[in-house]
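Below is one structure; the comments refer to it alone.
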Amino acid sequence: MDAVAAPTPVALKIGAVARRSGLPIKTIRFYSEEGLIHPIGRSEGGYRLFSEEVFAELSLIRTLKAMEIPLQDVRQILESRRLGACTCQEMQEKIRGKAGEIAQKITALHELHSELTALLNGWQTCGGSKAPAG
């Protein structure tokens, strides 16, 4: 019986990752230098090479950044995920917490908007001089 060879993983250059992910090369390079994503090697020309898994990680990074999660925490989440230590439950709790923070900010902004609108609606002349025409 012939052994079936495992498929060779596809190694994508940083430019291909950039095109497919929609992120600038500079951003992908930054994420790599910060330890958020890891190249699987380098090409003969010295280009970083990435596996297909990089797209799932870039998507998660994008989501976490949208939640204003600090890069240090993003790095820890990605490392935990790679090790299998980050559970869906933990991620859901972080997302629920961030959603709650956003809801509080929205409420505060609505209150500020109401206060400013009331201030403008009750505005009388401020007593200052008119700006010179010109």
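So, in segment 53-82, of the ones that are surrounded by 13 or more Cβ atoms within 10 Å (Cβ to Cβ) and part of a loop (DSSP other than H, G, I, E, B), which residue ends up modelled with the lowest pLDDT?
Within segment 53-82, the match that is modelled with the lowest pLDDT is 67.
Can you name the number of the only condition in (1) loosely packed, with under 10 Cβ neighbours inside 10 Å; (2) at pLDDT 95 or above that residue 127 fails?
Answer for residue 127: the failing condition is (2).
Which count do you get for residues in segment 36-52 that are in a strand (DSSP E or B) and not charged (D, E, K, R)?
3
Restricting to segment 97-124, name every residue that is of a type in the set (D, E, K, R) and either part of a loop (DSSP other than H, G, I, E, B) or modelled with pLDDT of 85 or more (or both).
101, 105, 111, 115
The values are calculated or read from the model by the stated rules, or taken from the named source; none is laboratory data. Being a predicted model, the structure only gives us computed values, none of them experimental. Cβ: placed from backbone, ideal geometry, glycine included. Neighbour counts: every protein chain shown.
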